[in-house]
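Enquirer: I'd like to ask you about the structure that follows.
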Amino acid sequence: MNNETKPRKSSSVRHTRAIQRDHTKHPVSAPSDEQIQGRLTEIVHPATLAQVSHFHSLGLQERTLSLPVMMAFVLEMVWRQISGVCELVRLGQQEAVLWATPRRVSQQALSQRLTTLPATLFLNVLGSVLPRLQQGWAQRQRPLPAEIAWVQERYSQVCVQDGSTLDRLLRKLGLLQDLPSNPLAGRMTALLDLGSRLPLHLWYEADA
């Protein structure tokens, strides 16, 4: 029998208490839902409307689930961490989703629209709002962490890279139904500005 004992791990209690003390000195004041809704509407909605002509040029028909409505639904799903289409349909029927008024829509119609709407439309909207977000960040007077301030004084631009393998896809719709297992959604890499943490460039590869 092996009598060797493994070294004890250092206690994390002191570290946890230090974090708790820091939280009491610097309480987090998150914006209200109304403020977030107003900000998203102010920034994203005009950029979405600017893509409507491109939406039509792709041969997509303007029905109940138009591009502005779908943009509102997708943002709501991400922001509120909505788990699936059923819940999103229920929410969209009972209350306004950002700038989209309540509307009757079936789960099948929303699922089909999500699978056929080109991702480039969303990417174009993101590309159009990022310069405004970067400009807004540059005008803020919030103090930066000492390390980031030190670096920015010495370099014209500092970037960080973040990459991830995306989660597995559900095989409920479209071409995925006949696959033997749930495939990974691919890989994504982002090049971010260190100070603002806003993306400067995004790469996506469908092969996980």
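Quick grid of which residues meet (1) in the same structural domain as Gly127 (by TED's automatic domain parsing); (2) at pLDDT below 70; (3) under 18 Å from the mean Cα position of the chain (by Cα):
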| position | (1), (2), (3) |
| --- | --- |
| Pro7 | no, yes, no |
| Asp22 | no, yes, no |
| Gly38 | yes, no, yes |
| Ala72 | yes, no, yes |
| Val89 | yes, no, no |
| Ala100 | yes, no, no |
| Ser106 | yes, no, no |
| Ser111 | yes, no, no |
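Enquirer: Could you figure out which of (1) in a helix (DSSP H, G or I); (2) modelled with pLDDT under 85 isn't true of Val129?
Expert: All conditions pass for Val129, except number (2).
Enquirer: Only one of Val97, Val158, Val89, Val105 is more than 24 Å from Arg39 (Cα to Cα), free of Cβ contacts under 8 Å to residues at least 60 places away in the same chain and crowded, with 18+ Cβ neighbours inside 10 Å. Can you tell me which?
Expert: Sole residue among the options that is more than 24 Å from Arg39 (Cα to Cα), free of Cβ contacts under 8 Å to residues at least 60 places away in the same chain and crowded, with 18+ Cβ neighbours inside 10 Å: Val105.
Enquirer: Count, please, the residues in the stretch 172-205 that happen to be assigned to a loop (DSSP other than H, G, I, E, B) and either at pLDDT 80 or above or assigned by TED's automatic domain parsing to the domain that holds Val125 (or both).
Expert: 6
The values are calculated or read from the model by the stated rules, or taken from the named source; none is laboratory data. For clarity, every value in this text was computed on a predicted model and none was experimentally measured. Cβ: placed from backbone, ideal geometry, glycine included. Neighbour counts: every protein chain shown.
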